[in-house]
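The values are calculated or read from the model by the stated rules, or taken from the named source; none is laboratory data. For clarity, every value in this text was computed on a predicted model and none was experimentally measured. Cβ placement follows ideal geometry from the backbone for every residue including glycine, while neighbour counts extend to all protein chains displayed. The accessibility values were calculated without ligands, DNA or RNA, using every heavy atom of the protein model including side chains. Shrake-Rupley method; radii C 1.70, N 1.55, O 1.52, S 1.80 Å.
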Amino acid sequence: MTDANNTRQVAIHPITSAVREIVRIFDKLGFSVADGPEIETDYYNFEALNFPKDHPARDMQDTFWLPDGRVLRTQTSDVQIHFMEEHEPPIRIIAPGKVYRSEATDMKHEAQFYQFEGLVVDKKGKINLGHLKGIVEYFFKEFFGDNTEVRMRPGFFPFVEPALEFDVRLVGEGVPEKLQGKWIEVMGSGMVHRNVLSNAGLDPEKYQGFAFGTGIERLAMMRWMIDDIRNFHHGDMRFVHKFIAELEQVDKIKDK
């Protein structure tokens, strides 16, 4: 594809663009990228992450269970356990990847979507909630721009304690009318639960950490004003061709 100036261009899927941008931002903060299996055992998807046996997320309406008792992972948090089992702290990773939920699809929900998980673990006293807050605020301002307000509030997730949720509000000129003045819930986070550290083979008396995670489509919808999450996955190339990047810029990103 070429423009009027004969500059070669290429269409980049917005999920790919978002993942590349996320990796670029966290690379500057010293994070590496980790990966894990999309087909998981109950242990890594639930039990090791401190989900009680009676937690509703284990029910069939939320989880795709396979005949052999394994699941299509419901969050990228499984990567936390795998990585902590295999690496000694200090740990500083992000884990982008596809996850699955057995639920009806609509403009804001899909049965498959992308998340990225962040994890930092170190000796006690070296990291705290202040570091979590600073990293998350830095990320959102880099991803959405300086005219971004961030707030955190209490939440609940079995694998962190205390648990926090982050909301974002875009301000200033150029913000679409439907987003003006609105706080959007975008990220769950918190200090890694001591049970999770123990399950991964780390001594909670010696180590502590924090984790954070969010849906990549949600970030892309806010950044590029995409109205329907189903557009990301229906395979219509007309949607992808709306997102054009010069080939030279793409190559620079790939080289990193």
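Laid out as a table, the results:
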{"quantity": "For the range 106-238, accessible area per residue (1.4 Å probe, heavy atoms of protein chains only), Å²", "calculated": "48 Å²"}
{"quantity": "ARG169 accessible area, 1.4 Å probe, all protein chains in place, Å² to nearest 10", "calculated": "60 Å²"}
{"quantity": "HIS109 accessible area, assembled protein chains, probe 1.4 Å, Å²", "calculated": "80 Å²"}
{"quantity": "Compactness of the range 38-88 - radius of gyration and Dmax, Cα, Å", "calculated": "11.0, 37"}
{"quantity": "Share of carbon and sulfur in the accessible heavy-atom surface of the chain [1.4 Å probe, %]", "calculated": "49 percent"}
{"quantity": "Neighbourhood charge, 9 Å Cβ-Cβ cut-off, centred on VAL168 and excluding it, Lys, Arg +1 and Asp, Glu -1", "calculated": "-1"}
{"quantity": "Accessible area of MET152 in the full protein assembly, 1.4 Å probe (Å², nearest 10)", "calculated": "80 Å²"}
{"quantity": "Gyration tensor (alpha-carbon) shape descriptor, the range 1-136, a/c threshold 1.5", "calculated": "oblate"}
{"quantity": "Label-point separation in nm, LYS178 to ASP228, each point 7 Å along Cα→Cβ", "calculated": "1.2 nm"}
{"quantity": "Cα gyration tensor, the range 56-149 - rounded (a/c under 1.5), prolate or oblate", "calculated": "oblate"}
{"quantity": "Cross-link pairs LYS98/LYS124; LYS98/LYS206; LYS178/LYS242; LYS141/LYS178; LYS53/LYS182 - those with Cα-Cα distance over 29 Å", "calculated": "LYS98/LYS124; LYS98/LYS206; LYS53/LYS182"}
{"quantity": "Cβ-derived FRET efficiency at R0 22 Å, GLU47 paired with TYR138, nearest 0.05", "calculated": "0.10"}
{"quantity": "LYS178, LYS98, ranked by accessible area, largest first (probe 1.4 Å)", "calculated": "LYS178, LYS98"}
{"quantity": "Largest-first ordering by accessible area, 1.4 Å probe, given options ARG58, ARG20", "calculated": "ARG20, ARG58"}
